[in-house]
Amino acid sequence: MSERPRLSRDEEDAWMQLLAIMEYLPTLIEQQLRRDSGLGRFEYAVLLMLSRAHRRTLPMLNLSAVTFGSLSRLSHTVTRLAERDLVTRERMGANRLVTLTDAGREALLLAAPGHVREVRRQVIDHVPSGQAAELAQLLRPIADHLKANAPRC
């Protein structure tokens, strides 16, 4: 009979701390963004990634990858953002392109300061001084693994 897999105490502690972050942080960030800007966390991510793109335009498939969202979720979000004139959509051959409008850029610029303050308040301010790069280094292999294995339906 094989032994059941177990986590060491340190591994279990690391997992429990990560679990708490995964459960609490998205809600706190969502609440702040909705309250201060009327944008959801995923909507903010879409606008941010489009603002960084060449000509503020990305194909849906690429936008899905950089926002860590499924195509279905992205499609619904883009529909809502387009209804608010924050993005436009167009087809170019097989590609469905999404473009950030001037109004979308303005909404992002208005939302960003509060969002950054909340990220600092909830996360960065609790990382020991000078250790943000170390935290990123520890988290990157996990994030890379999850990105590579996440479904894109």
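The values are calculated or read from the model by the stated rules, or taken from the named source; none is laboratory data. Not measured: the values here are computed from a predicted model. Cβ atoms come from the backbone with ideal geometry, glycine included; neighbour counts cover every protein chain shown. Remember, those area values only see protein heavy atoms, side chains included, never the ligands or the DNA or RNA. Shrake-Rupley method; radii C 1.70, N 1.55, O 1.52, S 1.80 Å.
Before moving on, here are some points about what is shown:
- Screening the candidates R89, R80, R55, R120 for the property of being part of a helix (DSSP H, G or I), basic (K, R) and free of Cβ contacts under 8 Å to residues at least 24 places away in the same chain yields one hit, R120.
- Comparison of A112, A103, A82, A45 shows that the only residue that is at pLDDT 95 or above, within 25 Å of A148 (Cβ to Cβ) and small (G, A, S) is A45.
- Residues (surrounded by 11 or more Cβ atoms within 10 Å (Cβ to Cβ) and more than 28 Å from L71 (Cα to Cα)) located in the range 115-137: R117, R120, R121, Q122, V123, I124, V127, Q131, A132, E134, L135
- Residue check, T27 among the β-branched types (V, I, T), part of a helix (DSSP H, G or I) and open to solvent by 40 Å² or more (accessible area, probe 1.4 Å): yes
- Candidates in the range 92-114 are the residues that are open to solvent by 100 Å² or more (accessible area, probe 1.4 Å) and in a helix (DSSP H, G or I); of these, the one that is nearest to S37 (Cα to Cα) is L110.
- Here R120 fulfils each of the conditions (1) in contact with a strand residue (DSSP E or B) (Cβ under 9 Å, 6 or more places away or on another chain); (2) under 25 Å from L146 (Cβ atoms) apart from (1).
- Scan the range 30-51 for residues that are in contact with a Phe, Trp or Tyr (Cβ under 9 Å, 6 or more places away or on another chain) and open to solvent by 100 Å² or more (accessible area, probe 1.4 Å) and the total you get is 0.
- Candidates R41, R55, R96 - the one that is under 22 Å from I142 (Cβ atoms) and either of a type in the set (K, R) or more than 18 Å from the chain's Cα centre (by Cα) (or both): R41
- Selection within the range 96-140 - within 25 Å of A82 (Cα to Cα) and in contact with a helix residue (DSSP H, G or I) (Cβ under 7 Å, 6 or more places away or on another chain): R96, V98, T99, L100, G104, R105, A107, L108, L110, A111, G114, H115
- Restricting the range 62-77 to residues that are free of Cβ contacts under 8 Å to residues at least 40 places away in the same chain and open to solvent by 100 Å² or more (accessible area, probe 1.4 Å), the residue that is farthest from A143 (Cα to Cα): H76
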